[in-house]
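Chemist: Just passing along the structure, written as structure tokens.
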Amino acid sequence: MSRKLNSMVALFAFAIIVIAASSATAQIDRSQKIRQGGVEVGPTGPTLGCCKCLGGTNTLDLSTIGSNNWTVNGNPAVVQTQINPAWNINPGPAQWVSTSATAGNGSTGDFDYKLSFYVPECTIKQGLTLTGNYGGDNTVSVYLDNTTNLVSACSGIWCFSSSKQPLPTFTKTISPGPHTLIVRVNNASGPSGMFINARLTGDCAK
């Protein structure tokens, strides 16, 4: 009886060790997943942090900058090193992006630029606001999650020139969960591209 009991105790202890090791591995994997290149990454992209104290503020930059993996029609968006002289509406720090290094010259139609991001459901609740400004060649529409949820739009063909069109801005309240920021650009002719300065702010409950 004693020998059988000892065997069962040993087996139970081994099981506990295996579970603990698996848990530790999972924690390591999770840690690696949420920090890639110094940027927090959640289940679907850049992630807004949780509040550490009441009354604080968290921010997440969702602009067209090098550390954000914007796509266009399913392919990586290309940062423009030389932009069209007429594209002067961008106050920065966002960069102009397009379908190619030559600004997709001659490509016409709709181009959907997308960036997915994640807002966790935290212990301390946050008031979440997405704000920013944008521009593009030619017309631009900004959506959240799908192309029926319009956030802002710039009509006409001059959404890239400060002499022709005021800088378009937006403000949108959102909720926790996975989200996708979508910028649809329609190009009539010639070169095309877009920029967006977008910031998500989480105001921690007081």
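Read-outs throughout are calculated quantities, based only on the coordinates presented, and are distinct from any laboratory measurement. Just so we're clear, the structure is a prediction, and the values are computed from it rather than from any experiment. Here the Cβ positions follow ideal geometry from the backbone for every residue, glycine too, while neighbour counts run over all protein chains shown.
Chemist: Between Thr123 and Ser189, what is 0.36 nm times their sequence separation minus the Cα-Cα distance? Round to one decimal in nm.
Modeler: Here the answer is 18.8 nm.
Chemist: Right, something else. If neighbour count is taken as other Cβ atoms inside 10 Å, put Ile196, Ile65, Ile89 in order from fewest to most.
Modeler: Ascending Cβ contact count within 10 Å gives the list Ile65, Ile89, Ile196.
Chemist: For Ala205 and Asp112, compute 0.36 nm times the residue count separating them, minus their Cα-Cα distance, and round to one decimal in nm.
Modeler: Additional length available on full extension: 30.0 nm.
Chemist: A further question follows. Enumerate the amide H contacts of Cys51 below 5 Å, restricted to partners 5 or more residues apart or on another chain; note that Pro and chain-start residues carry no placed amide H.
Modeler: Counting only residues 5 or more places away or on other chains, the set is Ile124.
Chemist: Given region 40-204, what whole percent of its Cα pairs are spread farther than 26 Å?
Modeler: So the pairs more than 26 Å apart make up 26 percent of the total in region 40-204.
Chemist: Using θ = phi - 60° and the Karplus curve 6.51 cos²θ - 1.76 cosθ + 1.60, what whole-Hz ³J(HN,Hα) does each residue of region 54-62 get, with Gly and Pro shown as x?
Modeler: Ordered by residue, 3J(HN,Hα) equals 5, x, x, 9, 10, 9, 9, 7, 10 Hz.
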